[in-house]
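The values are calculated or read from the model by the stated rules, or taken from the named source; none is laboratory data. Just so we're clear, the structure is a prediction, and the values are computed from it rather than from any experiment. Counting neighbours? That spans all protein chains shown, and the Cβs are built from the backbone with ideal geometry, glycine included. The accessibility values were calculated without ligands, DNA or RNA, using every heavy atom of the protein model including side chains. Shrake-Rupley method; radii C 1.70, N 1.55, O 1.52, S 1.80 Å.
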Amino acid sequence: MWAWLQEHFPRRHPYLFVDQRVAALWGKVLDEKGFGPAWIPWDAREDSKRLAAVEELARTALHRGADRQSVFVAVGGGVTGDVVGFLASIFMRGVPVVQVPTTLLAQVDSCLGGKTGVDLPEGKNLLGTFHQPQAILVDAVFLETLPAREWQNGIAEVIKCALLDDSGLMETLESFAQAAKGSQGIVYPLPQEMTERLVFQSLRLKARYVAADERDLGVRQFLNLGHTAGHGLETLSGYTLPHGHAVALGMRVAVRIGILMGLTHPDLARRLDHILDAYQLPQTTPLVADPDALLGHIQHDKKKGTGGLTWIVPRDVGRIERHTDISEKIVRESLRVLQPLKT
Ligand SMILES: NC(=O)c1ccc[n+]([C@@H]2O[C@H](COP(=O)([O-])OP(=O)(O)OC[C@H]3O[C@@H](n4cnc5c(N)ncnc54)[C@H](O)[C@@H]3O)[C@@H](O)[C@H]2O)c1
Ligand SMILES: [Zn+2]
């Protein structure tokens with residue numbers, strides 16, 4: 001990686017910002033790859049995704065000699081990618097950034113597309129920029145140390161891509177699940193060859209949407225499949241519900257809306273449930289016990305001035321539609337799909 005950076009940025013000095021958990025787990029390997037002591041470790045947590053952290057990292061980099069001729073490298077999950085990407089976009093009016101994602105979510109989703117940002121107390125990602133990475137270096141080996149919950153967060157985004165994709169990602173997921181069925185089912189970490197295929201296919205799909213709509217004003221919004229209800233569930237839970245669980249549940253709601261509108265065949269719901277189950281993602285949540293509160297949080301999106309509540313509805317695998325006119329009655333009815341079964 002070091003040699004790669006020197007080859008591709010011969011006149012720029014690299015500054016590596018490394019999630020300190022990754023530094024603790026993978027520091028030796030990074031050293032062996034030639035990084036030496038050139039990194040700046042930082043405490044990457046969602047609640048440190050703040051402007052204050054950006055200022056602190058900028059000052060540390062300055063004291064280490066960073067200037068307009070530097071290249072910043074983000075080594076970590078989505079939090080590190082977003083914060084370091086943001087810093088790179090404004091540091092001395094902008095330096096190039098290279099993304100080295102180390103969570104599955106970051107490898108299949110956040111490393112690509114150029115969205116950077118930090119949170120405010122009022123909400124997530126409210127300050128940010130578009131700053132495309134000059135390169136993305138993905139190595140599935142990092143995922144060996146990833147906890148199961150983080151695997152689920154990434155897999156939920158892969159399943160989302162599988163619904164959007166018409167070139168066989170769903171079939172890939174289904175065949176892995178089928179092959180694992182004979183033994184004990186899917187176990188995390190997934191084998192590296194399998195992960196590489198999932199990462200490659202997911203990034204290829206995301207790249208297609210980003211290339212068509214870099215600024216997220218049109219088709220890129222299809223990537224929000226499962227996130228309309230998902231964000232509502234996350235905020236209602238006070239962010240205790242993992243993002244991947246929220247997206248899994250949100251995808252069930254989106255498919256249910258399609259079925260209630262007469263757009264989607266019920267078989268798609270069965271297919272989705274089968275995949276969610278195989279990859280250990282939830283199908284129901286007690287959060288739906290107060291539908292008014294949930295609906296309130298879902299509709300909050302509307303207030304962001306995005307021109308109404310947008311639902312991304314799959315008619316079938318690879319056949320996706322955007323709807324802004326779904327009635328509250330249909331939404332309420334579709335949320336019932338998340339009710340835990342009474343025993
Ligand atoms: N920019 C985008 O387009 C985009 C897209 C999706 C999500 N995001 C953002 O990404 C963030 C979520 O990303 P995330 O889930 O990667 O979060 P994260 O960066 O917090 O990583 C999750 C956890 O995994 C740990 N970790 C990282 N690599 C590891 C490894 N190899 N082994 C063991 N542990 C490891 C981290 O320390 C952290 O505890 C959110 O802030 C979200 O807003 C951005
Ligand atoms: Zn997501």
**Asked** In nm, to one decimal, how far is the Arg149 label point from the Ser327 one, both placed 7 Å along Cα→Cβ?
**Response** 4.1 nm
**Asked** In Å, what is the Rg of the alpha-carbon atoms in the chain, and how long is Dmax?
**Response** 20.4, 66
**Item:** Residue-count net charge about Pro189 - beta-carbon cut-off 14 Å; Lys, Arg +1, Asp, Glu -1
**Value:** -4
**Request:** Between the alpha-carbon centers of the range 135-158 and the range 5-67, tell me the distance in whole angstrom.
**Result:** 20 Å
**Complete:** Expressed per residue, the solvent accessible area of the range 147-338 in Å² (1.4 Å probe) is about 44 Å²
**Rounded accessible area of Asp277 (nearest 10 Å², 1.4 Å probe)** = 100 Å²
**Message:** Could you sort Glu174, Glu32 by their accessible area in this structure, using a 1.4 Å probe and putting the largest first?
**Reply:** Glu32, Glu174
**Asked** Where both residues lie in the chain, what percent of DSSP beta bridges are antiparallel, nearest 5?
**Response** 35 percent
**Asked** Carbon and sulfur: what percent of the chain's accessible surface (1.4 Å probe)?
**Response** 51 percent
**Message:** So if each residue of separation counts as 0.36 nm, and I subtract the Cα-Cα distance between Val29 and Ile90, what length gain in nm does that give?
**Reply:** 18.9 nm
**Complete:** A correct Karplus calculation of ³J(HN,Hα) over the range 204-209, with 6.51 cos²θ - 1.76 cosθ + 1.60, θ = phi - 60°, whole Hz and x for Gly and Pro, returns 4, 5, 4, 4, 4, 5
**Item:** Rounded to 5, percent antiparallel among DSSP beta bridges of the range 2-141
**Value:** 25 percent
**Prompt:** Using a 1.4 angstrom probe with every protein chain in place, what is the largest-first accessible-area order of Val219, Val255?
**Reply:** Val219, Val255
**Request:** Express in Å², to the nearest 10, the accessible area of Cys161 obtained by rolling a 1.4 Å probe over the protein heavy atoms while all chains stay in place.
**Result:** 10 Å²
**Asked** Do the sum for the chain: with -39,500 (n - 2.57) for every DSSP H run of n ≥ 4, divided by all residues, what is the mean residue ellipticity at 222 nm, to the nearest 500 deg cm²/dmol?
**Response** -14500 deg cm²/dmol
**Item:** Accessible area per residue in Å² at 1.4 Å probe, computed on the range 2-141
**Value:** 46 Å²
**Message:** As an exercise, use a Förster radius of 45 Å and the Cβ-Cβ distance of Gln221 and Glu193 to find the FRET efficiency, rounded to the nearest 0.05.
**Reply:** 0.90
**Note, ³J(HN,Hα) from phi for the range 330-339, Karplus 6.51, -1.76, 1.60, rounded to Hz, x at Gly and Pro** = 5, 4, 4, 4, 5, 5, 5, 5, 8, 5
